[in-house]
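The structure appears right after this line, and notes come after that.
Just so it is clear, none of the values below were taken in a lab; they were calculated from the coordinates. Computed from a predicted model, the values in this text were never measured in an experiment. Here the Cβ positions follow ideal geometry from the backbone for every residue, glycine too, while neighbour counts run over all protein chains shown.
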Amino acid sequence: MKKALLYLYLIFVTTITITAQCPESFHDFSAIDIHGNNVDMLSFAGKKVLVVNTASYCGYTSQYAQLQQLYQTYGGISNPYNFEIIGFPANNFQNQEPYNEDSILNVC
């Protein structure tokens, strides 16, 4: 009986520990922006957020113009839609984002 209780206790404690460490929603995450500042996703609470993986020298870079149009239509401080676009540059796909932050900003 003691072994069974100990086993259940360990499962319960492990579950609590795992739950406490795992983010439960988008708002539990944070990221470092292109200027080196920490951004809590909680700062976007109440907004509709589109998260985009970007690469400046990807074949789909032409879609940036469509993202800009989408933001101009639905985003911004004064827009009632409360819409934001967050881009995460990544160099994971055949060296399509090989340069530094300044180069990325120039492309965007």
- Only Lys, Arg, Asp and Glu count, each charged at its Cβ (+1, +1, -1, -1), so figure out the dipole size of the range 25-107 about its Cα centre, rounded to 20 debye. 300 debye
- Item | Label-to-label distance, nm, for residues given as Phe93 and Val49 (7 Å Cα→Cβ offset) | 2.2 nm
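Arranged from highest to lowest average of other beta-carbon atoms within 10 Å per residue, in what order do the peptides 67-79, 24-36 appear? If you can, show how the numbers build up before the last one.
Numbers: 67-79: 12.2, 24-36: 10.6.
Those peptides, ordered most packed to least, come out 67-79, 24-36.
May I ask you to sort Glu84, Glu101 by Cβ crowding, counting other Cβ atoms within 10 Å and putting the fewest first? Intermediate results must be reported in sequence, preceding the final value.
Details: Glu84 17, Glu101 12.
With the sparsest Cβ surroundings first, the list reads Glu101, Glu84.
Give me the number: length gained by fully extending Gln72 to Ile86, i.e. 0.36 nm times residue separation minus the C-alpha to C-alpha distance, one decimal in nm.
Values: separation 14, 0.36 × 14 = 5.04 nm, distance 1.41 nm.
Extra length from Gln72 to Ile86 when fully extended: 3.6 nm.
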- With an 8 Å cut-off on Cα pairs and a minimum separation of 6 or more residues, tell me the relative contact order of the range 25-107 in percent. 29 percent
